[in-house]
Amino acid sequence: MSDLMLKYFREKQQKVQTENVYNTQCPFCSMQCKMQLIEEKVISRKHYKSIGKDNPTSNGRLCVKGMHAHQHALHPERIKQPLMKVNGQFQEVSWKKALEVIKEKFTHIKKTYGPNALSVYGSASITNEEAYVLGKFARVALQTKYIDYNGRLCMASAATGANMTFGMDRGFTNTIEEIKHTRVIILAGTNIAACQPTMMPYLEQAKNNGAYIIAIDPRETNTTKLADIHVKIKPGTDIDFANGMLKVLVENDMIDTSFIHTKTHNYDNLQRYLSTLSLEEIATKTGVPLSDIIQIAKIFGSEPTGMIFTARGIEQQINGTDTVRTFLNLLLITGKIGKKYCGYGAITGQGNGQGAREHGQKTDQLPGYRSIENKSDRQYISKVWGIEESDLPRKGVSAYEMFKKINQNEIKSMLIMCSNPIVSNPNANFVKKALSKLSFLVVADLFLSETAQLADIVLPSTSYLEDEGTMTNVEGRVMLREANFPIQGNAKHDWQIICEIARVLKKEKYFPYTSAEEIFEELRIASRGGKADYSGITYERMKKEKGVRWPCPSTQSNETTILFKEKFAHGDGKARIFVNELHPNLSKPALSTTYPLYLTTGRVMSHYLTGEQTRRSSSLRAREVEAYMEIHPETAKLYHIRPNSLVRVESRYGSIIVRSRIVSTIRKDTLFIPFHWDEKQNVNKLIDDTLDPYCQMPGFKLTVVTISCMDR
Ligand SMILES: Nc1nc2c(c(=O)[nH]1)N[C@H]1C(S)=C(S)[C@@H](COP(=O)(O)OP(=O)(O)OC[C@H]3O[C@@H](n4cnc5c(=O)[nH]c(N)nc54)[C@H](O)[C@@H]3O)O[C@H]1N2
Ligand SMILES: Nc1nc2c(c(=O)[nH]1)N[C@H]1C(S)=C(S)[C@@H](COP(=O)(O)OP(=O)(O)OC[C@H]3O[C@@H](n4cnc5c(=O)[nH]c(N)nc54)[C@H](O)[C@@H]3O)O[C@H]1N2
Ligand code: SF4
Ligand SMILES: [Mo]
């Protein structure tokens, strides 16, 4: 075609076609990939596509979920108007009406039963600004101690473990860039290939540079395929495996004695404890060959640098905190922390899994990672909020424990923002029963989720396309999500919803914000001097520097890349080596003739959490349409199970029916079921509700079950 013809066609096309570009960040995982929504208008029809945008963490990459996120955000089932239940049916109502009813009910319940009859359940998928305001709202507007959030099911044991050992919890102690240059990488219970796909190139590059990769998982995954050694561990025994490694390192003198003496406490106790363990017994208990334990320990001990990454596989255990701390011991005794190409990474889950656990949604916490039980922390935050310290509630209970309080009639009402707890909590049948007992439930969501269907009032929230604010990514990098897509219908931003409720409760003077940035300005002050200090971070700086890694105590100071270079964050600058003892009140689920198989749960690449969003994306739904159960061929044969058989899976807590997927990549004694599907196929109906005593994390990764084939 000649240039002239091309020009003619281009001009003609431009006349009928216009294009709008909207900046945002992916609504899903902690990589927080920057992206753009491209809206093409051809005559009167609009077409959308999402493309990656360069930034230092994801380097412009997007995975399949990010590429299709707009499909749920633009789905016709988005709620666009408040809904109120009248005679068991939802009716659209005005914001004025919805707020009036909320005011009336909250006020009545508070007056009749006291402020602690009200409660709040938050999320790590909302922005820092929203997490901050929600925490303030519970304490200042409702004056309740009952607030907690879905991160309790997600990062709680990694956070508690790091706090106890290092004195501070930022998911990555080092930078993501350093992964490429480290010599050994331990991936403990993490499936990065499915869960943080755009992080994979860092691991691939490390491997190309000669790093030795060890993956610990009861199943083969696309992550374990990258590893030099895959440790196909018996679920729930990672703590024993790590103790085995510690014993090999100590007995072979592969330790950094000067680091241990100058920077840690408690090594002698660890040494004494390890001397009581038998490596042969550990091999039997974990199902890992003794030679592998020895080889892995020796590789880790002999290389000059090494990094350990953990995720929910080892953390979502009833001894998750202890397990994390035992892995951290490996870094401490070999001195592989506080320096380049070394360190720890708890691979963060949700988009704002990091930030949302720093600014006061957690029941025992105040902004800046302060403690609600600490006198000076309470005084500082009370002053920032303009209240008396004596009016600031103390700590309440964890997420799942709030449902117990509902069941005991202590909590009468709940506001749930951005979570679907009847699908995501353990012992899901109980959670549904408890929520149905509330006298008044308000849910803010994008959709009429399984949980929202139980509500008295559902409030329409804006999504990642519309809602500007900051998210703290996997690296601890605070990033500005510059969302400005037009708001759909009468939805409101989560922070606006909180402010509106505060206003009708006559607490508007504490919630005067007109933009997310105004909230961030207050958060900067509230976090000043705290462990998660954001006071040097501004919207301008985040735009210019493409995100800033905390702590960042002044606008003049640099971001912090490597933590603990000089000292750890405990008062005396030393880390606490942990000595494992199973908590006296805990006993782990064990196999029996009634429940002869382990069940573990997790994720698939194309779906996200309870699936509320990804099940509404046609492209993602098409990849996995229903729940399934991975089972080893030999085990399947024992139970007369064929491929795609319908199988009843049963635990002490309940039963579900799912289809079989026969794979030789899983252990023979273990089944795997992902948790992204709705109630009928919800694996959480089977999950035990025992909680980790230090952080109240449920044991999602270890339940004992029995199975029976439903095919005739
Ligand atoms: N595609 C997708 N990506 C996601 C999410 C999603 O839902 N879908 N969710 C996001 C969130 S919130 C989170 S928290 C992260 C979760 O990220 P991950 O923790 O990586 O994901 P999981 O699949 O829950 O668990 C990881 C692996 O642990 C293994 N595992 C199970 N039991 C054990 C055990 O006892 N020991 C060991 N060593 N391993 C075990 C499982 O087989 C699984 O492969 O992903 C984030 N990214
Ligand atoms: N068996 C088992 N259970 C698990 C896990 C496991 O590995 N195994 N993992 C646990 C983990 S790690 C996590 S993080 C939890 C997550 O559990 P949930 O918090 O229940 O998960 P989501 O599906 O993200 O729920 C988010 C809800 O908020 C809505 N939403 C999305 N964006 C917005 C927004 O901007 N504003 C508002 N107001 N609403 C919004 C969505 O439509 C959806 O209904 O599940 C836990 N449960
Ligand atoms: S799901 Fe995670 S890796 Fe995939 S595009 Fe979104 S933020 Fe990036
Ligand atoms: Mo999570």
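The values are calculated or read from the model by the stated rules, or taken from the named source; none is laboratory data. Since we're looking at a predicted model, the values are computed, not measured. Don't worry about glycine lacking a Cβ; one is built from the backbone with ideal geometry, like all the others, and counts go over all protein chains shown.
The test for being in contact with a helix residue (DSSP H, G or I) (Cβ under 6 Å, 6 or more places away or on another chain) and among the basic types (Lys, Arg) does not hold for Lys298. Between Leu563, Leu523, the distinction of being modelled with pLDDT of 95 or more, outside any loop (DSSP other than H, G, I, E, B), surrounded by 18 or more Cβ atoms within 10 Å (Cβ to Cβ) and on the phi < 0 side of the Ramachandran plot belongs to Leu523 only. When residues in the range 630-670 are screened for being touching a Cys at 6+ places or on another chain (Cβ under 9 Å) and either modelled with pLDDT under 95 or on the phi > 0 side of the Ramachandran plot (or both), 1 of them pass. Taking the range 145-185 as the range and being aromatic (Phe, Trp, Tyr) and away from ligand 1 (no atom under 16 Å from the Cβ) as the test, the residues that pass are Tyr146, Phe166. Here Gly287, Gly210 are screened, and the one residue that is surrounded by fewer than 17 Cβ atoms within 10 Å (Cβ to Cβ) and either among the small types (Gly, Ala, Ser) or within 16 Å of ligand 1 (Cβ to nearest atom) (or both) is Gly210. Residues of the range 302-327 that are within 14 Å of ligand 4 (Cβ to nearest atom) and small (Gly, Ala, Ser): Ala311, Gly313, Gly320. The C-beta contact set for the range 434-445 (first residue in the same structural domain as Ser419 (by TED's automatic domain parsing), second residue polar (S, T, N, Q) and surrounded by fewer than 19 Cβ atoms within 10 Å (Cβ to Cβ), distance under 7 angstrom, 6+ apart or interchain) comprises Ala434/Asn407; Lys437/Asn407. State all residues of the range 60-103 that are surrounded by 14 or more Cβ atoms within 10 Å (Cβ to Cβ), away from ligand 2 (no atom under 16 Å from the Cβ) and in a loop (DSSP other than H, G, I, E, B); if no residue qualifies, say none. Of everything in the range 60-103, those that are surrounded by 14 or more Cβ atoms within 10 Å (Cβ to Cβ), away from ligand 2 (no atom under 16 Å from the Cβ) and in a loop (DSSP other than H, G, I, E, B) turn out to be Arg61, Leu62, Cys63, Val93. Residues satisfying the criterion are present in the range 353-363 (criterion: buried (at least 22 other Cβ atoms within 10 Å of the Cβ), of a type in the set (Lys, Arg) and touching a residue at least 60 places away in the same chain (Cβ under 8 Å)).
Rundown of residues vs (1) exposed (fewer than 12 other Cβ atoms within 10 Å of the Cβ); (2) assigned to a helix (DSSP H, G or I), yes/no style:
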site: Glu11; (1), (2): yes, yes
site: Tyr22; (1), (2): no, no
site: Met31; (1), (2): no, no
site: Met35; (1), (2): no, no
site: Glu39; (1), (2): no, no
site: Tyr48; (1), (2): no, no
site: Asp54; (1), (2): yes, no
site: Thr57; (1), (2): no, no
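The residues of the range 316-352 that are farther than 16 Å from Ala215 by Cα, within 16 Å of ligand 3 (Cβ to nearest atom) and either surrounded by fewer than 24 Cβ atoms within 10 Å (Cβ to Cβ) or of a type outside the set (S, T, N, Q) (or both), listed by number, are Gly349, Gly351.
Residues that are in a loop (DSSP other than H, G, I, E, B), closer than 16 Å to Tyr400 by Cβ, within 19 Å of the chain's Cα centre (by Cα) and of a type in the set (D, E, K, R): does the range 681-688 have at least one? The answer is no, given that none of the residues of the range 681-688 is in a loop (DSSP other than H, G, I, E, B), closer than 16 Å to Tyr400 by Cβ, within 19 Å of the chain's Cα centre (by Cα) and of a type in the set (D, E, K, R).
Taking (1) within 16 Å of ligand 1 (Cβ to nearest atom); (2) buried (at least 20 other Cβ atoms within 10 Å of the Cβ) in turn, Val647 satisfies each apart from (1).
Scanning the range 682-694 for residues that are within 15 Å of ligand 1 (Cβ to nearest atom) and touching an Asp or Glu at 6+ places or on another chain (Cβ under 9 Å) turns up Asn682, Leu686, Asp692. Taking helices (runs of 4 or more DSSP H) as the structural unit, no element lying wholly within the range 202-305 holds at least 1 residues that are at pLDDT below 95, of a type in the set (Ser, Thr, Tyr) and assigned by TED's automatic domain parsing to the domain that holds Asp669.
Scanning the range 17-72 for residues that are basic (Lys, Arg) and in contact with a Lys or Arg (Cβ under 9 Å, 6 or more places away or on another chain), we see that the one that is nearest to ligand 1 (Cβ to nearest atom) is Lys34.
Considering only residues in the range 364-402 that are among the aromatic types (Phe, Trp, Tyr) and either closer than 16 Å to Met168 by Cα or away from ligand 4 (no atom under 16 Å from the Cβ) (or both), the one that is surrounded by the most Cβ atoms within 10 Å (Cβ to Cβ) turns out to be Tyr369.
When residues in the range 72-92 are screened for being within 31 Å of the chain's Cα centre (by Cα) and β-branched (Val, Ile, Thr), 1 of them pass.
Kindly indicate whether Gly313 is surrounded by 24 or more Cβ atoms within 10 Å (Cβ to Cβ), at pLDDT 95 or above and in a helix (DSSP H, G or I). Yes, satisfied.
Screening Ala131, Ala69 for residues that are within 16 Å of ligand 4 (Cβ to nearest atom), touching a helix residue (DSSP H, G or I) at 6+ places or on another chain (Cβ under 9 Å) and aliphatic (A, V, I, L, M) leaves exactly one candidate, Ala131. Taking the range 235-245 as the range and being in contact (Cβ under 8 Å) with a residue 60 or more places away in the chain and under 24 Å from the mean Cα position of the chain (by Cα) as the test, the residues that pass are Pro235, Gly236, Asp238, Ile239, Ala242.
Residues in the range 650-669 that are surrounded by fewer than 23 Cβ atoms within 10 Å (Cβ to Cβ), in a strand (DSSP E or B) and touching a His at 6+ places or on another chain (Cβ under 8 Å): Ile662 alone. The residue of the range 170-195 that is modelled with the lowest pLDDT, among those that are within 16 Å of ligand 2 (Cβ to nearest atom) and in a loop (DSSP other than H, G, I, E, B), is Gly171.
Considering the range 606-629, and only residues there that are surrounded by fewer than 18 Cβ atoms within 10 Å (Cβ to Cβ) and in contact (Cβ under 8 Å) with a residue 60 or more places away in the chain, the residue that is farthest from ligand 4 (Cβ to nearest atom) turns out to be Ser618. Within the range 579-598, is even one residue away from ligand 1 (no atom under 16 Å from the Cβ), among the aromatic types (Phe, Trp, Tyr) and farther than 30 Å from Gly355 by Cβ? Yes, because at least one residue in the range 579-598 is away from ligand 1 (no atom under 16 Å from the Cβ), among the aromatic types (Phe, Trp, Tyr) and farther than 30 Å from Gly355 by Cβ. Please verify whether Lys145 is farther than 19 Å from Gln316 by Cα and either assigned by TED's automatic domain parsing to the domain that holds Asn329 or in a helix (DSSP H, G or I) (or both), treating the condition exactly as stated. No, not satisfied.
Rundown of residues vs (1) under 23 Å from Phe511 (Cβ atoms); (2) crowded, with 18+ Cβ neighbours inside 10 Å; (3) of a type in the set (Lys, Arg); (4) more than 16 Å from ligand 4 (Cβ to nearest atom), yes/no style:
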position	(1), (2), (3), (4)
Lys110	yes, yes, yes, yes
Thr127	yes, yes, no, yes
Gly135	yes, yes, no, yes
Leu153	no, yes, no, no
